[in-house]
2 protein chains.
Amino acid sequence: MTQINAAPVRATPLDPEDIIQGLRSAVEVTQEAAALGKALATQIKRVYFVSCGAPNRVSLGLEYWLDHYHSPYEVKRYFPAEFMTLQPELGPHTLVILASKSGTTAETVEAARFLQRFEAMTLAVTATTDKPLAELTQHVICIGETEQAHTGVFIALQAFVAGLMADQPHFPYQAVMESLPAVPAMLVESAQLSDQRGKVDAELYRDDRNFYHIAGGPVFTTAYVFGVCMLMEMQWLHSVAFEAAEWFHGPFEIFDAQTPALVLLGEDPSRPLAERVVTFCHKYSERVMVYDSRDFPMTGIAPEVRGIFAPYALQAALNRFAEHLAEQHNQSLDLRRYMWITEY
Amino acid sequence: MTQINAAPVRATPLDPEDIIQGLRSAVEVTQEAAALGKALATQIKRVYFVSCGAPNRVSLGLEYWLDHYHSPYEVKRYFPAEFMTLQPELGPHTLVILASKSGTTAETVEAARFLQRFEAMTLAVTATTDKPLAELTQHVICIGETEQAHTGVFIALQAFVAGLMADQPHFPYQAVMESLPAVPAMLVESAQLSDQRGKVDAELYRDDRNFYHIAGGPVFTTAYVFGVCMLMEMQWLHSVAFEAAEWFHGPFEIFDAQTPALVLLGEDPSRPLAERVVTFCHKYSERVMVYDSRDFPMTGIAPEVRGIFAPYALQAALNRFAEHLAEQHNQSLDLRRYMWITEY
């Protein structure tokens, strides 16, 4: 844990090839994932997303769109440990989707083992088939070993969900499927456009210990992943996310001219809710960051589904901010004090 | 907003009669609420809880138990503003439950108005029938004008949900209905047993600005209501809640020997998850508060449903802590800087 005498931490330079190559397997699996979705579509009544941390919030976005497009399924999202103790309906018409980047997340694997006692169908989204999670589930979608697992899980799961929804009249199946292969280059593009801004923001906010991140609808995925999975977990900041729709019903009372707020604007139906938060924050503070997906071309993404992909353009932008903050704090994004290195 | 020359803030003394009288209407309406639940039980396929702040988290507990007891319904929970933009399935077999203590919460009322364009059934839980929310909904359960609206909403909604579930084989209908009238006295009892502790804890933690509150399952209701709706909203503290099942997947990296953690233990299936958090926190810090419903007799609550009622015993205990913190901070729990007094 000590960093004494260690080399100073530098922002990892943006490596386009690393992103493109890291997502190659995920992109390659999209047709197969969609076909699996189509095959299972009429066999199930319930879809449960069961995962921790970032994959749980990827599922949050998928859940949003399933509800918005009136999927024929009951869609729920659980943390694995909660799922096992809660024990919801696990009959043969329930599909449980377990996502773990590594395929070794203890509680997600335990949930897969737990599920063997029930009739529910199981699907794993993970890196490779030789991991415990894949060995315990009926269906597996692999995204390969990659440093880009967060977006990889999204690409694979979004393709699967598109397959599930392919026959629903209002769901933009073709647009989603045509856009998925463009995601890796879109991430590179958004990151490149944001690197300089990330550096400036990191310098501006280097001494702050409390941050609020606010977003609506599927963009909450990004607010949580950046705020909690990155700044809280990796930089040990008091950095939390609130839903734009909830901000004015309590949380906003903490806001003042000193505490920085980061508001994320996407292009889904919740955008006006986040815009309202921007207006409010600007009224009382100059320490407000707004990241807006409309500032990114999102090349290759079909215009009618930009809202589905916007959270990931924003995530790519914020990853640069995180890298530069790590440099300012001289604290690597890989440093942990408990996770993986202690018993808990 | 200024407190200059104002009398020093004192912890409001516990007033048993205020609690008992304040919940009289809610208790009186339980049979009627359950009867309505029974009447609607076979007419619906979906239950959507739509509300902000504390009522939203009351719904979280109800949703937990509906899932646990395998209700025949698709149960979802939304914030009103998100609900209106997301527009989930609102056909005739959907029941939308709108809860607002005052009956005037702008977005909840707007959601009720929005719903008039759809076939979905609507039910309001609120103070009195002469408020906008009640006027816009098909069914209304009134809990009366009261300072105890948080528990009042719970009592009324729990009775309604018990009615919905009355014919489900494993749901403890009788035990729930017999326990509901005991809630007011149980709150008094739990508060009385906790007043001295609340005073001590308030003195111990008076200078802290960052708090984490951790709980599992239906007890998350209390962690959020105390952490965000009280300490954040009313005392302007950086005070947030995390699910016990998520704690070890990122958030726990913020934890250290300085930052206080409050862990809530209930008696539902998630208890072991919160116990694990207690063990972890005690390993690294002495600044850990554990509030455990097992420390309260919960007189009048049937033993087999203590888990359903435990979050409210804990809430009553924590209300005393909040009162004493307000005194230590010389900041009334009624003070706001934006809510109700500014345009937003």
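Some values worked out for this structure:
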| read-out | value |
| --- | --- |
| Helix axis angle, A:53-68 relative to chain A longest principal axis, alpha carbon, degrees | 70 degrees |
| Dipole magnitude (debye, nearest 20) for the protein assembly as shown, charges at Cβ of Lys, Arg, Asp, Glu | 240 debye |
| Within the protein assembly as shown, helix-based [θ] at 222 nm, where runs of 4 or more DSSP H residues each add -39,500 (n - 2.57), nearest 500 | -13500 deg cm²/dmol |
| Angle between chain A longest axis and helix A:149-165 axis [Cα atoms, degrees, rounded to 10] | 40 degrees |
| Order of A:I44, B:I19, A:I308 under a 10 Å beta carbon neighbour criterion, fewest first | A:I44, B:I19, A:I308 |
| Calculated FRET efficiency for the pair B:R113/A:D295, C-beta based, R₀ 25 Å, to 0.05 | 0.15 |
| Selection from B:Y173, B:A322, B:S190 lying farthest towards where the dipole of chain B points positive, charges on Cβ | B:Y173 |
| Fewest-first sequence of A:E110, B:E246, B:E304 by Cβ atoms within 10 Å of each Cβ | B:E304, A:E110, B:E246 |
| Neighbouring partner chain Cβ atoms per residue of A:226-237, average, 10 Å criterion | 3 |
| Choice from B:V96, B:V290, B:V228 with maximal GNM fluctuation in chain B (Cα, 10 Å cutoff) | B:V290 |
| Shielding by other protein chains, A:74-85, mean Cβ within 10 Å | 6 |
| Inter-copy label distances at B:P72 (7 Å, Cα→Cβ; nm, one decimal) | 2.0 |
| Residue order, fewest to most surrounding Cβ atoms within 10 angstrom, among B:I301, A:I20 | A:I20, B:I301 |
| In nm, spacing of pseudo-spin labels at A:H170 and A:E203 (7 Å Cα→C-beta vector) | 4.8 nm |
| Rg and Dmax [Cα atoms of the protein assembly as shown; Å; Rg one decimal, Dmax integer] | 24.2, 72 |
| Charge dipole of the protein assembly as shown about the Cα centre (unit charges at C-beta), most positive-ward option of A:V277, A:A149, A:V9 | A:A149 |
| Sites A:H282 and A:E178 - FRET efficiency at Förster radius 41 Å, r taken between beta-carbons, to 0.05 | 0.65 |
| Zone of A:S332's modelled label, taken as backbone nitrogen in region A:13-46 under 15 Å from a point 7 Å along Cα→Cβ | A:13 |
| Magnitude of the charge dipole, region B:218-344, Cβ model with Lys/Arg +1 and Asp/Glu -1, debye to 20 | 100 debye |
| Under 14 Å, Cβ to Cβ, from A:P297 - net charge with Lys/Arg +1 and Asp/Glu -1 | -2 |
| Overall dimensions of chain A by Cα: Rg and Dmax, Å | 19.7, 61 |
| Cβ-based charge dipole, the protein assembly as shown, positive-most Cα from A:F118, A:F83, B:N56 | A:F118 |
| Neighbour cut-off at most 16 other Cβ (10 Å), DSSP loop, trypsin sites (Lys or Arg not before Pro), region A:34-101 | A:K45 |
| 0 to 90° range, to nearest 10: angle between helix B:106-115 axis and chain B longest Cα axis | 20 degrees |
| Alpha-carbon Rg/Rh ratio, for region A:16-171, with Rh computed the Kirkwood way | 0.94 |
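FYI, it's all coordinate maths here, none of it is from the lab. Owing to the predicted nature of the structure, the values given are computational and were not obtained by experimental measurement. Note: ideal-geometry Cβ built from the backbone for every residue, glycine included; neighbour counts use all protein chains shown.
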